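K.L.:
Here you go, one structure.
The values are calculated or read from the model by the stated rules, or taken from the named source; none is laboratory data. This one's a predicted model, so the numbers in the text were calculated from it and none came from an experiment. Backbone-built Cβ (ideal geometry, glycine too); neighbour counts: all protein chains shown. For the accessible areas, the whole protein counts, side chains as well, though only heavy atoms, and no ligand, DNA or RNA atoms are used. Shrake-Rupley method; radii C 1.70, N 1.55, O 1.52, S 1.80 Å.
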Amino acid sequence: DAKTTQPNSMESNEEEPVHLPCNHSTISGTDYIHWYRQLPSQGPEYVIHGLTSNVNNRMASLAIAEDRKSSTLILHRATLRDAAVYYCILRNGGSQGNLIFGKGTKLSVKP
Amino acid sequence: DGGITQSPKYLFRKEGQNVTLSCEQNLNHDAMYWYRQDPGQGLRLIYYSQIVNDFQKGDIAEGYSVSREKKESFPLTVTSAQKNPTAFYLCASSIDRGGNQPQHFGDGTRLSIL
């Protein structure tokens, strides 16, 4: 599975939008972009995933660059409960690849 | 509600002991996984199972063993051969191992050595 690059940490104010970037310049045509988040002392939680088109669900939006070499997870209104480590992961859709977790981005939300 | 249950939440092991961590899911998922997480690090895959009575080693399988006798259960045994077992252990499941399938995680078991 291809590698991703994320900032180590980001800060946001409560009730403001948050844009979490992820670079994946070596992505292949069949790689899905997955996002998970992990709150302290809990297991990771699936957030969203996509292949080529932008995706929306109740938790977040995923914006995928036209060349697919980067993507952005968008939290539309950050709450204190969104403070977590966010992981951007690529998984090949054609094979049975494993999730490979990097260190992710630690998001802090200020009241 | 459907989900993954890991027990116990905290576990203590004496040197030389084997311990077994429980993982149960009622999501009717075929695939199940065990991960290990050390402080400040991402998750690393220990073992995975695609179907009942089948399992494969992940990246760090040495010192661990698993079984998959029932679809809903995937227990992990940390053996005395695992020299650094103190970690946060996470179990997950997915419908199958396809790359477009999300994984659902339990709340983890924190193992410490006495």
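K.L.:
Residues B:ASP59, B:ASP107: which one is within 20 Å of A:TYR87 (Cβ to Cβ), touching a residue at least 12 places away in the same chain (Cβ under 8 Å), part of a loop (DSSP other than H, G, I, E, B) and in contact with a Gly (Cβ under 7 Å, 6 or more places away or on another chain)?
P.N.:
B:ASP107
K.L.:
Which of the residues belonging to segment B:91-105 are under 17 Å from the mean Cα position of the chain (by Cα), under 15 Å from B:SER49 (Cβ atoms) and at the interface with chain A (Cβ under 10 Å from one of its Cβ atoms)?
P.N.:
If the condition is that a residue be under 17 Å from the mean Cα position of the chain (by Cα), under 15 Å from B:SER49 (Cβ atoms) and at the interface with chain A (Cβ under 10 Å from one of its Cβ atoms), then B:CYS91, B:ALA92, B:SER94, B:ASP96, B:ARG97, B:GLN103, B:HIS104 are the ones that fit.
K.L.:
Right, something else. Looking only at segment A:9-49, count how many residues are polar (S, T, N, Q) and more than 14 Å from chain B (Cβ to nearest Cβ).
P.N.:
Of the residues in segment A:9-49, 5 are polar (S, T, N, Q) and more than 14 Å from chain B (Cβ to nearest Cβ).
K.L.:
Filter segment B:75-95 down to residues that are in contact with a Ser or Thr (Cβ under 6 Å, 6 or more places away or on another chain) and either surrounded by fewer than 21 Cβ atoms within 10 Å (Cβ to Cβ) or assigned to a loop (DSSP other than H, G, I, E, B) (or both), then give me how many there are.
P.N.:
Within segment B:75-95, residues that are in contact with a Ser or Thr (Cβ under 6 Å, 6 or more places away or on another chain) and either surrounded by fewer than 21 Cβ atoms within 10 Å (Cβ to Cβ) or assigned to a loop (DSSP other than H, G, I, E, B) (or both) number 3.
K.L.:
Among residues belonging to segment B:6-51 that are assigned to a strand (DSSP E or B), over 15 Å from B:VAL66 (Cα atoms) and within 11 Å of chain A (Cβ to nearest Cβ), point out the one that is least open to solvent (accessible area, probe 1.4 Å).
P.N.:
Taking the candidates together, the pick is B:LEU43.
K.L.:
Return the only residue of A:ILE74, A:ILE89, A:ILE48 being under 13 Å from the mean Cα position of the chain (by Cα) and at pLDDT below 95.
P.N.:
The unique qualifying residue is A:ILE89.
K.L.:
Could you list all residues from segment A:92-109 that are at pLDDT 90 or above and closer than 29 Å to B:ASP30 by Cα?
P.N.:
Passing the criteria: only A:GLY104.
K.L.:
Looking at the structure I just gave you, is A:LEU107 among the hydrophobic types (A, V, I, L, M, F, W, C), away from chain B (no Cβ under 12 Å) and crowded, with 16+ Cβ neighbours inside 10 Å?
P.N.:
yes
K.L.:
Answer yes if at least one residue in segment A:15-30 is out of contact with any His (no Cβ under 6 Å at 6 or more places or on another chain), in a strand (DSSP E or B) and more than 29 Å from B:PRO39 (Cβ to Cβ), and no otherwise.
P.N.:
There is no residue in segment A:15-30 that is out of contact with any His (no Cβ under 6 Å at 6 or more places or on another chain), in a strand (DSSP E or B) and more than 29 Å from B:PRO39 (Cβ to Cβ).
K.L.:
Follow-up. Looking at this structure, is B:ARG68 modelled with pLDDT of 95 or more, open to solvent by less than 80 Å² (accessible area, probe 1.4 Å) and over 26 Å from A:GLY102 (Cα atoms)?
P.N.:
For B:ARG68, the condition - modelled with pLDDT of 95 or more, open to solvent by less than 80 Å² (accessible area, probe 1.4 Å) and over 26 Å from A:GLY102 (Cα atoms) - is met.
K.L.:
While we're on this one: Does A:SER12 fit the bill of being closer than 19 Å to B:ASN100 by Cα and open to solvent by less than 70 Å² (accessible area, probe 1.4 Å)?
P.N.:
Against the criterion (closer than 19 Å to B:ASN100 by Cα and open to solvent by less than 70 Å² (accessible area, probe 1.4 Å)), A:SER12 does not qualify.
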